[in-house]
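Scroll down for the structure; my scribbles are underneath it.
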Amino acid sequence: MTEPASACLWTAPARRRALIETAALAAPLLLALAAILFRVAGPVAAAVVPILLLPVAFAVAFRRASRFTPHWLTRTLDARHSELEDSSALPFRDDALGPLERLQRARIGERLQSIDSDTLAPPWHIRSLAAVAALCAVAVALALLWPRPSHDVPALSPGKEGLPPSPGIPRLVAQNLRIIPPAYTGLPFRDSASLDARVPTGSRLEWRLRFSPDASVPRLLMLGGQPVALDRDGGDWIASRTADAAFLYRVDPSQGRGPTPPLHRIDATPDMPPQVKALSPATGLTMVSPGQRSWTPVFAATDDYGVAPSARLRVTLAVGEGENVTFSEREVAVAGNGSAREKRFAPTLDFARFGFSAGGDMVVQLIVRDNRSPNPQEVRGPSLILRWPSARQPESSGLTGMVNTTLPAYFRSQRQIIIDAQALLKQRRTLSADRYLARSTSIGGDQQVLRGRYSQFLGGEEEGEPALPTADGEADGHDHGGPPAPSASGFGAPEDVLAAFGHPHDDSQASSLPPETRAILKQAVDQMWLSERELKQGHPDLALPFATKALRFIKEVQQATRIFLSRVGPELPPFDPSRRMTGKREGIASRILPTVPAERGDGPAAAAWRALGEGPDAIRGAIDLAPLERWSRANALRLPDALALTGAMDAVRRDPACASCREALRAQLWRAMERPLGQATRRPAPDAAGARYLGLIGRAR
């Protein structure tokens, strides 16, 4: 029901006072918090945190104001004014009233006119407001005026720019570089007398410089970046920056007047990911020993700054044989012991707890993180397999052929590809488009590997895109030619029997498959290729029908669980012994390969190297270094020292006539360019007998 307008007017003073009082309490608290954060965490935190807390203050203020309702109004009027005869609610009612109620409302309304609505508001909490304001003022004063520790003002070292003094131009006379590594590294801060340093990535750099005569607007000029302005701090100038990557800079005290200051270099050392290795067992595959009921794999994890105290152990169980394999995966938390930078993890896995039994495999993998903050680096260690052989042994027979038991092992992963694709479809709404495509492409890669394994049993002839439907479904993919020529060995000879009933080549596992099985396996490989194509295009829903058909064809092929290979020797091509040592070269093709020019990607670097040299392409004056700069930015990751190359280019650009600068840049380019491939060495010059022999061979040709 909507409140009457008169009730809103009577409660407005109380609500307004509650809002003002809450604001008066919140303002000094937020101001004190901002001052403390400014001293502890810097100006960014001092500005962001109070802004984030403003909605909380507004919510508290409106909640306090919402207590003053029409019910509070009537209760307060009746308690403070007895002349209202406990009938103060009648003037604020808008429903139908009886005759006596209307008479009473008229009498109470006349009496309400003598009451001021401001007197109904709760009294001001003057003492509380004053106490909070005083405490906050003391906190602000302590935060801003508390003296800094003595180590916060480092002693300055003499400047080492090496520039000659110029009248009226400021020059650097004292300097200090403070390096504050990230807190997670555990490294203390340090002061460097040099402006060149190697620091951990993410370190905070603080410069404190002094100039003589005093500079007006000194700057730090970042090579290839925005300049950093220096702020005055007493008689010194200070600046700060976070070293997220390596960079070059110079101190400019006079806005380009006077000699050019030298370049300084800051190298940022990245935080390397943790290293995980398996200590026990020493091999990746271990068999369960008789009577064993648990397994304790031991891992070691190391990191340059520290490993997280706990890790996750991924345990995957595969139980069953052939296509009747069931997979289950779970992760358990594992606590490590050891120092901060090197920890050992030795979880004990109970077989009964995990449901591990005979005929299954247990695969464990340790997942560790370092203590980088934010965004810790996660690394997966090597996988260890514990195999529990099935009690049922393979059957044997008296046949003379060799039993190939490796074929069923290849028939294990197609079902898992289907399971992974179905799981990816369920997670589609929770994954980004790039992550979804990457997961689908990864499953497509697994499908490609599995397709390659099946193709081995087709003689490696089914790789690539499946052929269009033709009428050769009964063929086995080989061209065996016409009927075998009759042999002179006679009826019943082994050669005639092999030619009539056998396969004419037995050099691969393809010989173990009959034509019917080969045809089914070829259809399975074709369906795998279609499934792989859709998965790599990011369409697992379209790949599932093809993967399911491939699985159905595999089940048909699986009926042949044992394959027998014939024990035959290699068949070498015949040779003509009469041509040996005769020097006849008829029918021999030339072995000389055409010379193909190598495609190199360092054209701008090679052109600049020639321009800096003394050859015909040399340029004595200024050189256009723009193509070289673009090339260096594009190849920065593979260059041995990209910063040194950038500094050498800057020196040549500033002084094109500097011979030493040109030589330094040329040396950097020689290191940066790709090395040519190894060339065949020339054979030594023949002696007299060798020359005569070569001449005879040449005349014979």
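Values as computed for the structure displayed
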{"read-out": "Point-to-point label distance, R429-R64, nm (Cα→Cβ direction, 7 Å offset)", "value": "4.3"}
{"read-out": "Shape category assigned to the stretch 603-672 from the gyration tensor of Cα positions, a/c cut at 1.5", "value": "prolate"}
{"read-out": "The stretch 121-270: equivalent-ellipsoid semi-axes (sqrt of 5 x gyration tensor eigenvalues, Cα, Å)", "value": "39, 21, 15"}
{"read-out": "Rounded D (µm²/s) - the stretch 275-388, Kirkwood Rh over Cα pairs, Stokes-Einstein at 4 °C, 1.567 mPa s", "value": "88"}
{"read-out": "Pairwise FRET efficiency - L187 versus L223, Cβ, R0 = 30 Å, nearest 0.05", "value": "0.65"}
{"read-out": "Relative contact order computed over the stretch 603-672 (Cα-Cα under 8 Å; 6+ residues apart), in percent", "value": "36"}
{"read-out": "Packing-based ranking, highest mean first, of 550-557, 527-534, 659-666 given that Cβ atoms within 10 Å are counted", "value": "527-534, 550-557, 659-666"}
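Bear in mind that the values in this text are calculations on the coordinates, not laboratory data. Given the structure is predicted, the values throughout are model-derived calculations rather than measurements. Glycine gets a Cβ as well: all are built from the backbone with ideal geometry, and neighbour counts include every protein chain shown.
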